[in-house]
Structures are given as structure tokens and as C-alpha cells.
Amino acid sequence: MNKRVLTMVVHFRVGLLVLALGLSGQIIRPHSALAQVKLKSADVSPATEDFATSKLLPNGIEVRRNGAMLQVVALRDDVLRVRLAVKGQLPEDASWAVPVEIRRQSVEVIPEITPDAVGFRTKTLRVRIERATLRLSTADLRGNVLQEDEPGWPVEFHADSFRVFKKMPADEHYFGLGDKVGTLDRRGQSFHLWNTDAFLFQESTDPIYKSIPFFMTMRAGRAAGIFLDNTWPSNFDFGKMQDGIYSFGAEGGPINYYIFYGPDPKQVVRTYAWLTGLPPLPPLWSLGFQQSRFSYETETRLREIAARLRSDKIPADALYLDIDFQKEHRPFTVDTVNFPHFEQMLSDLKRDNFHVVVITDLHIAKVPGAQYSPYDSGTAGDHFVKNPDGSTYVGTVWPGPSVFPEFTRPKTREWWGTLYKDFLKEGVAGFWNDMNEPSVFGTPTLTMPGDTLHRIEEPGFQPRTANHLEIHNVYGLENSRATYEGLLKLNPDQRPFVLTRATYAGGQRYAATWTGDNTSSWDHLRLTTPMLLNLGLSGFGFCGADVGGFIGTPGPELLTRWTELATFQPIDRNHTNKDSGDKEVWVHGPEQEAIRRRYIEERYRLLPYLYTLVEELSRTGLPVVRPVFLEFPNATSDSHPFDLDATSEFLLGPDLLVAPSPFPEQPDAYPLKLPPGGWYDYWTGARVDVPPKIEDPKKGILLIQPKLDVLPVYVREGTILPMQPLVQSTEETPQGDLTLRVYPGQNCHGSVYADDGKTLAYKRGDSLRIEFSCEVTPNGLLLHLGEHQGAYRPWWNKILVEVYGWESKTAAITVTNKQDAPSDSIDPERHMLSVEVADDPHGSDLEIRKVN
């Protein structure tokens, strides 16, 4: 888009300087030829123009200077809200991301006033504002600075645009902003937030699909978060333009951001979830393997894919239908020529334990008089976005000329939700909101014009119209919200599954997401990990990337390695473009299929662990896949993030470390770097010991020689890992025991969570949680199996305990309140002892002793 015209420059002599920020993300510094005007306010006398006045608040402070007002308040002892108004009056307090009940939280603070500065402290943080410059700094009570305005340019303004400048310490690192491309650490990079249909995006492409204006800072093992709650086009620069300074700003809207402290990075993630909301617990089937393409164009072809998955015994749960199942690409229709028995097909696939997900793009075909209900009912209800002259905006997308729902109106969202009634009745299991940036074909901006008008009628907002520049970045969020809320209203006790491409902060409350139209390339396989990790840190802990790459046709090794990697990621969906070759598991022949099948099978064995992780996500916001520093913030000698030395590694939950080659297309050996502590090889059970801390980032503890059929995975000592017998679908009841893999070590514990996997009955207590712990003794191991918490009855009656690192050839086992010693077996090659015990709902204890 074109840069906004530079018309007026406003300059605070004390540090509020000029900004010209265009949609390109470029920053233009003040120029001497531009007229500069000193702002004044009627309530600030000439004698105090160069000196701020302050007003103490029960939960913070307001500081006025030359007509501007800076307000800093404490929502909690560890959460601050910063608002700045140029004209002395704060704008409307409304948010699409942070609920009003959160924004109204407060704690009392203790004022701290000096001749040069004003501020306050909480039980956790200290706030200081310099009187002469309005320069803001925040520190913990030990004096560790968390963020500090840059002395030369704290804030710059140009007309409605602004930019905030912060000091960037040399040893500070930055993470977040969702699935932006590039490395995990944002330092040295700059990003623009403007939801964009980024077909063929590459490693340098920006912007792409999402706008999540949150990032985490990490310095010397201490973490803090900054969330700019502003929906306008915005930019975040982490020292790319000027070394030693990071900055953020927007084309319009309020200066309204939150600062929150860990110091543990996991606490920062939890606090961000507290601010913007938790993801819902997804249905269990969505953790299974998912098969998709653009498009399975006929009913016959979709049935063939389902039959092949079952005949080849490739576990799978979901099949996707892209736009070609629709009549003339019109959302909420079915092409009855190519899908003549749509409802019967859904019933047959359900009988074979498949869940069908269909796409429902938000553009509604403009076809008056065609008996197309979404258009007719939407027009009757005045549910479509308007042009500035009041006419309905029309843009071209897949169906041709299309109109777009006004998701900023509750009535429109409610109407949109009713459109899913027939699909639900026919048996569709999930819904895919694509193209919702919104994408519009044939326009210079690939979306609606910036002056398109939206009617805001949202509770908590003043009723008004807003241009598309303000609403664009939340349009996809409100689309997925309308879908999610509509599905819940139609089927109140069933968990919806909604997948969205575009979104904003807080969108995790309504939908899962994926990284968009990636390509079948080694570069994009490498991009997958940092994109998913930063999505997880930014609220979207349930996410995925198209396996094999969406655009192009992968070779055998690329598809196999991608399938292996996706086994240990939240959403495992194989998907491809219309003009790309087949990417189903069986392409490239039996040898490749066997490897891919084995990894998908391993994912299904890990389902108890995966489901326990997504339940934790729904309670805490902690993501399913995690950067290593999230669990090990002090793993290096100077506490810099461990991931900077091991760029391809990540954690699945707290306990499994996945260590692919940083250059998977190369046959070269690479050094393995493991965080401090003991680790076990996931595949062999062998123990691997590592130094207390990695002193030399160029060295690892051993070299890994890549093998096509082995993705290196390691288990943290002290882990108790729940697993299940293999099934072909989550609809199957596992036959056998719940397996607990015990990896003895420090802080030995684990848990398993279970419920029906489908309904909201878990919210009424119909769920199960069991905690486990173990203690290494001189003679063996004590294992505690906790009591059942909750009313849900699980599929297992017995527990198979597997203890790894067992070196004795024999063992003696005692179970609490059991007279008969259970039988056991020892596998010397895997250094593993196994014993089967009954699962006592009241809990039990096992003592396992070595026998010489």
C-alpha cells in the first residue's frame, strides 16, 4: 500500500518526536525542513512546560507534559498497562483481544517520587518516569531493568501514526510475533503486521497471514513480555534499522501496550494467555493424522483415499475437502455432480472412523436471484461490508464477484453461525476458515481498500464506523469467532474444531491455525520449527504446517523427513496444492511408506502424552511444542537462550527433545546439543549424559550421523511418559494397558489426562487426571501411582510400567496392599525392566529393588 502523506509534524522538545511510518515498515527520522510545533495544554502553565506534573492513582500514575498524558497502571503486581495520549485525553478503552474484566484488574501500588522522576512500585516491579522527558523504565525489585525507553526518541508522532523506541541491550533476545519467517530470535530483524495472502512466501517474505503484536524479551535468563494492543498496520523493528534500539509503532490507533514480567519465560506465556485468553480443549481426533489436498475433487477420489489409508494400515483421523467440493466455489454449497451422495458419503466415512473437515471461506458469492441462501439471507439482514458511499463492497475471489460479512457486528456473527446448520446435520466434523485476511483477487493490496467501512456494534465499544485499515488485522479473528460461537450454539455440548489462516492476538480462543501456503523445499522444512515455536509463544499452541509443503512436489526424502518431524508437532496435516503432485503417505513406494507409517504409528502411541499436553495448553497457555529455553532458561553459562546454539532443536512438551539436523538435506554429521541433566535416547532407551552447561556453543556432546529412518529424539531424565497401544483411529478403544515409561532421575514425575475426547462433559467433572512420581533409591526405585482425580472411567484397567536405565539382571517388586508379587521382565538391550500392575483408582506404590 502507498505511504500516508506527510502533512503535519508534531514535536515534543522533551522527547516526543516526529514519526513517518508507512505500510512498508520504513521509519523516517525528523527532518529539519519540517515545521515543528510545541504542544501546549490549557491545564499546564508556562512555568511547567518543561517539567511534568503527575497525579497519583490507587493502581498507578498519570503524568502530563506539554499537553500529553502518560498513564501507567498495574493490573497485577507483575503486569503493567501503558497508555499515552498526545492531546491529554485517553482514547476509548476497548479491545478485540483483552476482555474488559481483565483490563479492569488492578492492585494497589506504592508511590515513589523524587525531584527528577515519578513512579511507583508493586510487590514485583518498579516504574520510573523522568519528569523532563517522560522517559519510562521498568525494573524488578532487584534492579534488573526489563525495558527502558531510548533516551533520544522515547516516542515519535506523525499525524495519527506513532512509534515507541526502547533501548536494546547487546545481550537481549526477542521471540514471538506469531509465525513470521526467519530465525527463532527476532533480533536484527524487522516485521510488518498486516494480514496478507502470502502465496509462495519465502524466507524473506513479510508480511504474511497473521498479526500478533506480542513479543518476549530474554536477557540473562530473565523474561518479560510486551503486547501492543493495536489493530492498525504496525511494525516491529529489533535493531535492524539502528543498532542498540528496538521499536514498535502503528499507522493509527492508540498507544496502548502491556509490560509483564516472568522472570521465568513460562510465566510470561501464562500471563499473555491471561491477558488474551486460553485456547479451548480440542477434540481428540484433531490430534490424529490428517490428509488433505487442493482438491479431492470427487466423492470417488475421497473414498479411494480413505480406503487406501485403511488398507495400508496408516492410522488416520481426518480428511479435508477444499473449495472444489462446492458448487461453483460458493461457500456452504455442495457440488452434487461430483459429490452426488454427500450425506451418505459422510456417514460411510464416519463408520470407517474418519472425520471430514470442509472449507468455508468467508466471501459470499454475489449471485442475486440464484436461490443462494447465504447471499439472500445476508442481504436481507444487511450483513455485508460497505463502501464509503454506503453501497455494498464487492470484490473478486474464488466464486467471482463476492461480498464480505461484517464480523464487527454481533448480529452478523450470529447469522454467520447459522450457515453451518446443514453441514453439522449431515455429519461434517470440522471447519476450515481460509482466505480470511481477507484475500481479494486483482487488487493492488490483495485485500479490501483501506477506506472500506466497517460498522462496530461490539459490546464494550462505542458504536461507530471504522475504516478497513483499523479492522483488517482482526477480520480473520472475528470470522473464526463467528464460526466457533455459531457451532457451539448449534451443538452446545460438542467441541468445535475450527482452523483459521488469518488472525490477531486472542484468536486462539476460537481456532487452531497453520502456517499457510508453504513450499515443498528444504528451506521450508527448516522454517517450520521456528514458525511453530513462535506461534506457540504467541498464544497459538495448537498449530501446524502443511506436511510436505503446500506448493510443489517433494522428493522421497523430503516428504519422509517432513512426515517424521510432524509426528512430534501439534497438528499433523499432509496437504498439497492443485498443481502439485500427490503427497499421500504411500507415494514413492513401499520403502518410504513403511518409514512414514512407522512415525505416524508412533504419534498414535504417544496420544496420551499429546492429549495431556493440549489439556495443559487449555488451562495455562503453555504451548505443545516449545523452544528449549522455555524449560531451560539458564542452560548456558551466561544464560543466553540455549536455542541460539541448537537452532533446529525443540521440545514436545517439557519432556521430549527433538533434534533434527540443522541441514536435513545434507548427509553430514552434526553435533548433538542437549540441555543440562540426564537424557535418554527415546528409541533405544540408552542413557546419554551431558555436561552441566554448554560452555562452547560450537561443540556438542556427540556427533549424529543422519539416517533417513531415524529422527533423533531424547527423553528428559525424571520423565514418566504415558503411552498407549496402537490404534488406527482415535475412535478405536485401545486394547491393552496404559504404558508408563519411567526414566529415573531428578524431580521424577508425570501425569496423564483423559476424557471422552468429544464433548464438554469434562467441564462438569467428567474427566480423569492421574499424577505419578518416582524416587531413585540406593537399591532401586520407588514409584507412586496417584489416585484417580475426576469421574471419568478410562479405557485401561492395568498399567504396564517400563523402567529405563535398569542395569540389574533381576528385580524384586512390592506393590502396596498386594500380597502377590507381580511378574516382571527385563530387556538388557534396551536397559529396561517392565512390570504390569492393576490400576487402583485409590492409587498405589511400587518398590522395585535390584537383586544381586
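Some values worked out for this structure:
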| item | result |
| --- | --- |
| Shape call, segment 600-684: gyration tensor on alpha carbons, a/c limit 1.5 | oblate |
| Gain upon complete extension [LEU56, GLU775; 0.36 nm per residue less C-alpha separation] | 253.5 nm |
| Charge sum, other residues only, whose C-beta stays under 11 Å from ARG741's C-beta, Lys/Arg counted +1 and Asp/Glu -1 | 0 |
| Rounded to whole Hz, the Karplus (6.51, -1.76, 1.60) HN-Hα couplings of segment 620-633, x for glycine and proline | 10, x, 5, x, 6, 9, 9, x, 4, 5, 5, 9, 10, x |
| Local net charge near PRO368, Cβ-Cβ under 14 Å (Lys/Arg +1, Asp/Glu -1) | +1 |
| Carbon and sulfur %, accessible surface of segment 148-271 computed with the full protein complex present, 1.4 Å | 51 |
| Spin-label pair GLN462/ILE113, simplified geometry with 7 Å Cα→Cβ offset, distance in nm | 3.2 |
| Residues ALA838 and LEU726, FRET efficiency given R0 of 30 Å [Cβ-Cβ distance, rounded to 0.05] | 0.85 |
| Calculated FRET value between ASP638 and ASN144, using beta carbons and R₀ = 22 Å, to 0.05 | 0.90 |
| Residues whose placed amide H lies under 5 Å from that of ASP824, excluding near-sequence neighbours | none |
| Relative contact order of segment 249-344, pairs being alpha-carbon contacts under 8 Å that are 6 or more residues apart, as % | 24 |
| Rh by Kirkwood over Cα pairs, then Stokes-Einstein D for segment 143-210 at 1.567 mPa s and 4 °C, µm²/s | 90 |
| MRE, 222 nm, helices only [DSSP H, n ≥ 4, -39500 (n - 2.57), over the chain, to nearest 500] | -5000 deg cm²/dmol |
| Average accessible area per residue (Å²) across segment 344-407 - probe 1.4 Å, nucleic acids and ligands excluded | 38 |
| The chain - Cys residues lacking any other Cys C-beta under 4.7 Å | CYS543 |
| When each of LYS411/LYS758; LYS411/LYS489; LYS167/LYS210; LYS55/LYS167 is checked by Cα-Cα distance, pairs over 24 Å | LYS411/LYS758; LYS167/LYS210; LYS55/LYS167 |
| In segment 216-254, chymotrypsin sites (Phe, Trp or Tyr not before Pro) in a DSSP loop with at most 11 other beta-carbon atoms within 10 Å | none |
| Fraction of accessible area attributable to carbon and sulfur, segment 612-660 (%, probe 1.4 Å) | 47 |
| Rounded to whole Hz, the Karplus (6.51, -1.76, 1.60) HN-Hα couplings of segment 537-544, x for glycine and proline | 5, 9, x, 9, x, 10, 8, x |
| Translational D in µm²/s for segment 109-178 (Stokes-Einstein at 4 °C, 1.567 mPa s, Kirkwood Rh from C-alpha pairs) | 95 |
| Cβ crowding within 10 Å averaged over residues, with 620-631, 84-95 ranked highest first | 620-631, 84-95 |
| Two-site label geometry, ASP376 and THR814: point separation in nm, points 7 Å out along Cα→Cβ | 7.8 |
| Solvent exposure of segment 715-852 as accessible area per residue, Å², 1.4 Å probe | 50 |
| Proximal charge balance of LYS166 [Cβ under 9 Å; K/R count +1, D/E count -1] | -2 |
| Longest to shortest principal axis, alpha-carbon extents of segment 167-280, angstrom | 38, 37, 27 |
| Tensor-based shape of segment 520-616 (alpha-carbon gyration tensor, a/c under 1.5 rounded, otherwise prolate or oblate) | oblate |
| Residue-normalised accessible area of segment 199-286, expressed per residue, 1.4 Å probe, Å² | 24 |
| Alpha carbon Rg of the chain, scaled by the compact-globule rule 2.2 N^0.38 Å | 0.98 |
| Linear extension gain, ASP845 paired with GLU328, 0.36 nm per residue minus alpha-carbon span | 179.8 nm |
| Nearest-0.05 FRET efficiency for ASP668 and THR418, computed from C-beta distance (R0 51 Å) | 0.35 |
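The values are calculated or read from the model by the stated rules, or taken from the named source; none is laboratory data. Note that this is a predicted model, so its numbers are computed, not measured. Neighbour counts run over all protein chains shown; Cβ positions are idealised from the backbone, glycine included. Each accessible area value is taken on the protein alone, full model and side chains, heavy atoms only, with ligands, DNA and RNA left out. Shrake-Rupley method; radii C 1.70, N 1.55, O 1.52, S 1.80 Å.
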